[in-house]
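Novice: Below is one structure. I have some questions about it.
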Amino acid sequence: MEAELTREDWETVVNRTHPIEFGWIGADQYGRLGYFSTYGKAYIPNRVLFSFKKYLGLANLINSLPDIGRSTLYIKSKGWFDDWHLHSRQGIVGYDYQDAHREVAKQLNRYDLISIPEHYLKLDSKNDILSFEDIIPRFQTTFDDNLSFETLQKAEM
C-alpha cells in the first residue's frame, strides 16, 4: 500500500483529477482481506477515502506485516507482480485493475485476481487491523475470483 502518499496525491485520488496508482484494503464475507490496486477509473468505495491520516496508518500497518505463508499467482498473463505477492505472503488476496493495460474497447470494468495467499489474514486477526475497520469496506461476496465493479458495489455492506 502507498504509505508514502502525499496530501496532493490523496486529493488527486479523492477528486479523480488524473490517474494515479492507489491501493486499498477490503474484507470479504468471511473477513478475509483483499488488496486492490487501482489506477484511474477503477471503483474505490467511499469509506476508503474517509480519512487520509487513517489511510496512512493502515498502509503502514499493512506494509509492516510479517509473511505467514506462500503466494500463488492466479493470473495467467506475464508481468511484474511482486507487490501482489508481497501482500499475499502476508495473507492478503491480491487484485489489480488490469483495464489500465487494456484497450478501451476490451476493458472489463473489474478487478482481476492476481495472487492468492496460502493462509488468509482476516479483519479480526490479532493484529491492529480491526482498529481501521471504518476505512475498510466489507463485501457480501468472496475474494476468490475476478470481481466486477458492479459486483463490488452491490455487495458492499
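The values are calculated or read from the model by the stated rules, or taken from the named source; none is laboratory data. Note that the coordinates shown come from a computational prediction; the quantities given were computed from them, not determined experimentally. Heads up, the Cβs are rebuilt from the backbone with ideal geometry, glycines too, and the neighbour counts pull from every protein chain shown.
Novice: Can you name the residue in the range 25-42 that is modelled with pLDDT under 95 and surrounded by fewer than 19 Cβ atoms within 10 Å (Cβ to Cβ) and, of all such residues, is nearest to residue 156 (Cα to Cα)?
Specialist: 41
Novice: If you take the residues in the range 67-84 that are touching a Lys or Arg at 6+ places or on another chain (Cβ under 9 Å) and either within 23 Å of residue 3 (Cβ to Cβ) or of a type in the set (Ser, Thr, Tyr) (or both), which one is surrounded by the most Cβ atoms within 10 Å (Cβ to Cβ)?
Specialist: 71
Novice: I'd like to check something: does the range 131-138 contain any residue that is assigned to a strand (DSSP E or B) and either at pLDDT 95 or above or β-branched (Val, Ile, Thr) (or both)?
Specialist: Looking through the range 131-138, at least one residue is assigned to a strand (DSSP E or B) and either at pLDDT 95 or above or β-branched (Val, Ile, Thr) (or both).
Novice: Okay, moving on. Residue pairs, Cβ under 7 Å, 6 or more apart or interchain, first in the range 20-33 and closer than 9 Å to residue 93 by Cβ, second surrounded by fewer than 24 Cβ atoms within 10 Å (Cβ to Cβ) and among the basic types (Lys, Arg). List them.
Specialist: 32/122; 33/122
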